């Protein structure tokens with residue numbers, strides 16, 4: 001259905017519109033389903049599910065409202081959906097399930113048991129979202145409308161208190177009052193550094209310039225991270241509203257959202273949201289008749305990780321190569337801002353929190369989180385864990401609660417938890433001894449990691465920590481812009497050392513060289529990329545030094561991930577003479593005798609080809625007389 005728009009001429013018009021939308025919803029006799037159409041659920045077929053619901057409704061002549069929502073969080077179980085008004089949650093919904101859900105649940109309000117969530121195969125199902133362990137300990141602020149509104153329908157957002165915060169600041173608060181509230185709220189930047197948002201706003205306002213800019217950083221470049229993506233796809237109006245409130249507070253006229261080109265759905269939904277906000281008079285000139293003038297443009301980035309750094313991002317918007325600039329001057333000063341305008345820059349999640357703080361009030365927000373880390377944090381929970389997806393939890397929740405209560409524990413229950421990597425490729429690896437540590441800015445920093453934008457990767461005993469550190473270092477050294485030698489040269493030299501260690505060529509002193517080089521890169525790099533690039537290596541050396549020493553001294557990888565390490569042998573008592581190992585070996589190292597196979601060490605390159613194909617775990621990797629069977 002095509003939406004129609006009539007410009008809102010004053011703040012009261014917005015309140016009247018919300019009241020009308022709520023009244024119409026209450027009077028509607030339509031059945032309703034909310035189907036997740038975020039990127040992850042689309043990939044598993046949610047658009048086909050929507051189409052099937054439309055066909056079922058048409059065939060049975062039933063009035064059905066299908067809300068195509070953004071990410072509902074439980075990506076592991078997608079496509080997911082909610083049937084209203086009973087609030088029944090369905091998971092792994094396929095096209096073939098739609099007739100059953102429609103007949104049983106939509107028409108008669110009874111749960112369609114086949115697609116209800118079950119924690120275990122034989123356990124009783126959970127009907128409602130809030131009863132599912134994945135959601136129980138979550139607290140949604142930035143994501144509070146994700147999964148409930150259609151991101152391409154501004155009226156859905158307005159019905160659910162969208163732009164209520166903007167109306168409040170325009171009618172009840174002066175710009176300095178808004179800044180004071182944000183300062184007192186304790187809101188810190190969710191992009192990684194955790195700088196107090198209110199102080200940044202205040203500094204930009206005090207620049208004295210008449211023309212200012214607001215920039216939203218949506219350049220989410222961490223591997224496996226999709227927090228900002230989900231907000232931009234599922235509730236773009238929360239970001240727009242936060243930016244408009246920021247513009248009112250600091251006296252800005254120009255807004256830019258920097259989004260990576262690899263986020264097509266986010267770009268599309270943001271564009272629709274901006275267009276609809278303009279048509280309603282929530283963007284542009286004389287917003288809601290108050291004289292406020294502010295508009296927003298989308299700038300698509302080319303995917304450079306370094307453009308997540310503020311000065312590199314600004315350079316990219318200006319049409320230059322995305323490379324960091326020395327500070328000072330800061331962005332909040334005319335000399336350092338976008339096109340010489342004092343500029344306030346926050347990331348997507350930070351702006352999405354602003355309307356909630358304004359609408360709910362300081363007392364509500366400051367009771368969530370810890371003393372120095374207020375509010376909630378959105379994490380992308382991935383790795384070797386049962387329940388992967390998007391979560392939002394109060395600051396200060398323990399890592400154990402996130403991984404074992406929300407995440408459901410290890411994917412393979414026979415494998416022990418080993419570490420969790422937080423903060424993306426610039427973060428650190430936190431071992432099991434810190435599982436009961438609160439997840440907030442201060443505690444993560446104390447153990448050598450960072451909050452980052454919110455990536456969280458769970459590792460088990462089958463992961464080699466040296467190899468994991470090498471993987472993240474390979475990403476950051478490739479993404480270095482090359483402007484400063486410590487980052488450009490240092491990360492390459494560290495990577496070469498890591499490659500040497502993981503291929504069995506490590507020498508005494510290499511670990512110490514890695515530590516020394518990492519510390520020098522942190523001190524000497526120009527921007528945050530170089531300042532944090534050595535973190536995965538430094539944190540794994542700190543907590544898993546014995547694994548580095550095994551690689552260097554014993555030429556052995558306990559997780560059997562690294563090629564070129566260990567001594568490969570065949571146990572005759574387990575060998576069934578199938579010959580697969582001989583077929584897989586490209587170097588003729590596997591020799592066949594009359595009644596057995598053995599590996600000629602003079603020819604063996606330790607490539608692991610034989611180890612990977614052995615069906616009976618007859619091939620072992622030995623270290624000092626000990627051995628580990630293939631497939632273990």
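Could you check residue 426 against (1) buried (at least 24 other Cβ atoms within 10 Å of the Cβ); (2) touching a residue at least 24 places away in the same chain (Cβ under 8 Å); (3) touching a strand residue (DSSP E or B) at 6+ places or on another chain (Cβ under 8 Å) and say which number it fails?
(3)
In segment 313-339, which residue that is farther than 24 Å from residue 202 by Cβ and without any contact (Cβ under 8 Å) to a residue 40 or more places away in the chain is surrounded by the fewest Cβ atoms within 10 Å (Cβ to Cβ)?
319
Quick one: would you say residue 55 is without any contact (Cβ under 8 Å) to a residue 24 or more places away in the chain, within 29 Å of residue 283 (Cβ to Cβ) and part of a helix (DSSP H, G or I)?
no
Within segment 290-297, is there a residue that is touching a residue at least 40 places away in the same chain (Cβ under 8 Å), in a loop (DSSP other than H, G, I, E, B), closer than 21 Å to residue 154 by Cα and out of contact with any strand residue (DSSP E or B) (no Cβ under 6 Å at 6 or more places or on another chain)?
yes
Looking for whichever is in contact with a strand residue (DSSP E or B) (Cβ under 8 Å, 6 or more places away or on another chain) and over 25 Å from residue 2 (Cβ atoms) here; the options are 278, 260. Which one fits?
Exactly one of 278, 260 is in contact with a strand residue (DSSP E or B) (Cβ under 8 Å, 6 or more places away or on another chain) and over 25 Å from residue 2 (Cβ atoms), namely 260.
I need the helices (runs of 4 or more DSSP H) fully contained in segment 448-527, keeping only those with at least 3 residues that are in contact (Cβ under 8 Å) with a residue 24 or more places away in the chain, closer than 17 Å to residue 426 by Cα and touching a strand residue (DSSP E or B) at 6+ places or on another chain (Cβ under 9 Å).
Once the helices (runs of 4 or more DSSP H) in segment 448-527 are filtered for at least 3 residues that are in contact (Cβ under 8 Å) with a residue 24 or more places away in the chain, closer than 17 Å to residue 426 by Cα and touching a strand residue (DSSP E or B) at 6+ places or on another chain (Cβ under 9 Å), what remains is 465-479.
Of the residues 18, 34, 25, which single one is touching a residue at least 60 places away in the same chain (Cβ under 8 Å) and crowded, with 21+ Cβ neighbours inside 10 Å?
That would be 34, the only listed residue that is touching a residue at least 60 places away in the same chain (Cβ under 8 Å) and crowded, with 21+ Cβ neighbours inside 10 Å.
Which members of segment 67-91 meet the condition of being assigned to a strand (DSSP E or B), buried (at least 24 other Cβ atoms within 10 Å of the Cβ) and under 22 Å from the mean Cα position of the chain (by Cα)?
Within segment 67-91, 69, 81 qualify.
Helices (runs of 4 or more DSSP H) wholly in segment 94-211 with at least 1 residues that are more than 27 Å from the chain's Cα centre (by Cα) - which ones?
In segment 94-211, 98-101, 154-159, 164-172, 175-185, 197-205 are the helices (runs of 4 or more DSSP H) which contain 1 or more residues that are more than 27 Å from the chain's Cα centre (by Cα).
Of the residues that make up segment 92-100, is at least one buried (at least 19 other Cβ atoms within 10 Å of the Cβ) and either in contact (Cβ under 8 Å) with a residue 40 or more places away in the chain or on the phi > 0 side of the Ramachandran plot (or both)?
yes
Can you pull out the residues in segment 149-179 that are crowded, with 23+ Cβ neighbours inside 10 Å, more than 24 Å from residue 208 (Cα to Cα) and touching a strand residue (DSSP E or B) at 6+ places or on another chain (Cβ under 9 Å)?
Selection gives 149, 151.
With the structure loaded, tell me whether residue 110 is on the phi < 0 side of the Ramachandran plot and outside the structural domain of residue 42 (by TED's automatic domain parsing) or whether it fails that test.
no
If only one of 249, 225 is part of a loop (DSSP other than H, G, I, E, B) and farther than 24 Å from residue 155 by Cβ, which one is it?
The conditions single out 225.
Could you tell me which numbered condition residue 109 fails, if it satisfies all but one of (1) touching a helix residue (DSSP H, G or I) at 6+ places or on another chain (Cβ under 7 Å); (2) within 30 Å of residue 55 (Cα to Cα)?
Only one criterion in (1) touching a helix residue (DSSP H, G or I) at 6+ places or on another chain (Cβ under 7 Å); (2) within 30 Å of residue 55 (Cα to Cα) is unmet by residue 109, namely (1).
Scan segment 365-378 and report the pairs whose first residue is under 17 Å from residue 450 (Cβ atoms) and whose second residue is in a helix (DSSP H, G or I), with Cβ atoms within less than 6 Å and a gap of 6+ or a chain change.
Qualifying pairs under 6 Å: 372/442; 373/441; 378/227; 378/349.
Listed here are the residues, each with its yes/no results for (1) touching a helix residue (DSSP H, G or I) at 6+ places or on another chain (Cβ under 6 Å); (2) within 19 Å of residue 351 (Cα to Cα).
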{"residue": "253", "(1), (2)": "no, yes"}
{"residue": "266", "(1), (2)": "yes, yes"}
{"residue": "281", "(1), (2)": "no, no"}
{"residue": "285", "(1), (2)": "no, no"}
{"residue": "289", "(1), (2)": "no, no"}
{"residue": "304", "(1), (2)": "no, no"}
{"residue": "319", "(1), (2)": "no, no"}
{"residue": "323", "(1), (2)": "yes, no"}
{"residue": "327", "(1), (2)": "no, no"}
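Tally the residues that are without any contact (Cβ under 8 Å) to a residue 60 or more places away in the chain and over 22 Å from residue 171 (Cβ atoms), restricting the search to segment 264-289.
Total satisfying the criteria: 8.
Would you check if there is a residue in segment 518-529 being under 22 Å from residue 557 (Cβ atoms) and over 21 Å from the mean Cα position of the chain (by Cα)?
For segment 518-529, residues under 22 Å from residue 557 (Cβ atoms) and over 21 Å from the mean Cα position of the chain (by Cα): present.
The values are calculated or read from the model by the stated rules, or taken from the named source; none is laboratory data. Just so you know, these numbers come straight off a predicted model, no measurement behind them. Cβ: placed from backbone, ideal geometry, glycine included. Neighbour counts: every protein chain shown.
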